[in-house]
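Written below as structure tokens is the structure these notes are about.
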Amino acid sequence: MDDPTKKRVAIVGAGPSGLAACKHLLAKGFLPVVFESAAGVGGVWRRTLASTRLQTPASAYRFSDFPWPADNAASASPADDGLFPRHDQVVEYLAAYARRFGVMERVRFGCKVLAASYVGGATEQEVAAWERWSGNGEAFGDGTGEWHLTVRHGGGADGEPASTQTHRFDFLILCIGRYGAPKLPTFPDGRGPEVFLGRVLHSMEYSAMAHEDAADLIRGKRVAVVGAGKSAMDIVAQCAEANGSRYPCTMVYRSAHWMVDPKVARRVNFFTFTSARWTELMVHKPSEGFLLSLLATLLTPVRWAMSKVTEAYYKRSIPMREHGMVPDCGFDQASLGWRLGILPEGFYSMVDEGSIELRRCASVAGFCADGLVLDNNDDTSGGERAAVVGADVVILSTGFDIDRPLRNMFTSPWFRDIVSSDGDAVLPLYRHILHPRIPQVAVVGYAESGSSIYPYEMMAKWVAHLLAGAVRLPAAGVREMERGAAEWTRWGAQARRRCGGHFLKSCVASVTTWYHDQLCRDMGYSPRRKDGFLAEWLEPYGPTDYAGIQ
């Protein structure tokens, strides 16, 4: 290929996926520019609660060629044993990675990409008619098309005046994550936040506040948190620690999630049982063929039995029954859809002492001047049709619109429309990276997994190989790419039905090794990464197994 240093490549975002993309492009001779709106690397880890920790063990949440430092465990608390590092330790780990591989010099901090426009040798109609991706099946197309990025520089908390400039690139890599746009509930007229006399904010806004400001917001106030996911529980625990039983924090939720006490998680490493090849034989996989599909069906009872044993152990070890927090879905469904999390330390002890109040309801009907109005038409509150939860602050932990940041990146209405997925459908990306109809763009970090760093790193390696000419796209062109993306979409829809709707959009957690096998073959590497037949099938796969792929 041509001199890679002459190819203009932009990366949007300096979170884990953006850092990995930059590192591996540098290794291929490219000189990418990374635009990051914040003042440092780390992505979502820079905008989180003071109490936030990893939900996955550090041994699984790492880059393949960069181990955690030996002293990442602090000694101030028994919880600081290094298994689930604190958010500040994660940020430092990511910064150390960026420094080690020369990524930091390529990042332009305080630069927010506002829009991306495709300009060059083809109209939207011609792009739509292309039979091969980017026109000729090559990463950079025929050299006539380019991306113009509108970038706002400055304008941060330091008082620097903002300016807007346009930058031109031959290839664009979007590493903007899944958590950049809040999903807000809608309410009937006269029942919205405008009638509430207190403050309403989304968990994303609350998590992004300076820790001192977040503490001031909740101190000495009645706080209600809507939701029961990981972020909701972390916020509830933080409020309970700040205010105690004098101003208990109320968690309002419709259904509970599988949340494991960290002490139990330290005794049973769930990842050991979910990241080996033999466990993936028990689940259906995209494009698996008749024999593997038959085997997965035959082994379904085995997986179900293992799940029930695990479920019974957790129910016995964690007082979820006593507090009405048994999830509606089974543990098997939750693990397939990766609806799992780690409880905050001492969560149920705070419930017992009265610092946390749990209010299960059918739905939140809306707001009133003094708080939230709950709809209890499922008789979960003693038959009362409606009830009011008094509050001074309401925090909506109601999830994220993961497609919106991608959709809003493009100025073209046509590109925006094809990025918009339908409801709970999966955005159709080939290899979870390329949209078949959007030229010279890659997305890294859209697919969810149990441990996001090394799957994102594998995506970054694949993109680097693509740009270097070492990955060949399907000879049949765009239609074959669309068929490959559609196969994953169908698999996701089937998995969602098997999970009773409890399945994250674009989630590869239950088939991570199968997915990595596809990327390995594309890059010309053997997907079998271990020594010996027994090790290949019985030992769990992890980041270090892919360290040899460069």
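In summary, the stretch 395-550 shows an alpha-carbon radius of gyration equal to 1.10 times the 2.2 N^0.38 Å reference for compact globular proteins. In the chain, the portion of solvent-accessible area held by carbon and sulfur atoms comes to 52 percent [1.4 Å probe, whole percent, DNA, RNA and ligands not counted]. Looking at the stretch 290-382, the trypsin sites (Lys or Arg not before Pro) that sit in a DSSP loop and have at most 10 other Cβ atoms within 10 Å of their own Cβ are 321. The helix-based estimate of mean residue ellipticity at 222 nm for the chain, built from -39,500 (n - 2.57) per DSSP H run of four or more residues and divided by its residue count, is -10000 deg cm²/dmol to the nearest 500.
The residues of the chain expose on average 42 square angstrom of accessible surface per residue, using a 1.4 Å probe on protein heavy atoms.
Around the Cα centre of the stretch 448-502, unit charges on the Cβ atoms of Lys, Arg, Asp and Glu (plus for the first two, minus for the last two) sum to a dipole of about 240 debye.
In order along the stretch 99-106, the Karplus-derived 3J(HN,Hα) couplings, from 6.51 cos²θ - 1.76 cosθ + 1.60 at θ = phi - 60°, round to 5, 4, 10, x, 6, 4, 5, 9 Hz, and Gly and Pro are given as x. Ordering 110, 467, 300 by Cα displacement along the dipole of the chain toward the positive end leaves 300 in first place; charges were set at the Cβ atoms of Lys, Arg (+1) and Asp, Glu (-1).
Restricting the stretch 423-502 to trypsin sites (Lys or Arg not before Pro) that sit in a DSSP loop and have at most 13 other Cβ atoms within 10 Å of their own Cβ leaves 472.
Comparing 155, 435, 349 along the charge dipole axis of the chain, the residue lying farthest to the positive side is 435, per the Cβ-charge model. Directionally averaged projected area (the chain, Cα convex hull): 26.3 nm².
For the stretch 296-365, the list of GluC sites (Glu not before Pro) that fall in a loop by DSSP and count at most 11 other C-beta atoms within 10 angstrom reads 322. Measuring nothing but how far apart in sequence close Cα pairs (under 8 Å, 6+ apart) lie, relative to its length, the chain scores a relative contact order of 21 percent.
The H on the amide N of residue 387, modeled in the peptide plane, is under 5 Å from the matching H of 374, 376, each at least 5 residues off or on a different chain.
For the stretch 274-318, the alpha carbon convex hull comes to 73 Å³ per residue, rounded to a whole number. Taking amide H as placed 1.01 Å from N in the peptide plane, the amide H of residue 357 sits under 5 Å from that of 249, 250, 251, each at least 5 places away or on another chain.
Pairs of Cα atoms nearer than 8 Å and 6+ residues apart set the relative contact order; for the stretch 118-171 it is 32 percent.
The values are calculated or read from the model by the stated rules, or taken from the named source; none is laboratory data. Every value quoted in this text rests on a predicted model; they were computed, and no experiment measured them. All Cβ positions, even for glycine, are placed from backbone atoms using ideal geometry, and neighbour counts span all protein chains on display. Side chains are part of the model used for accessible areas, which takes the heavy atoms of the whole protein and leaves out ligands, DNA and RNA. Shrake-Rupley method; radii C 1.70, N 1.55, O 1.52, S 1.80 Å.
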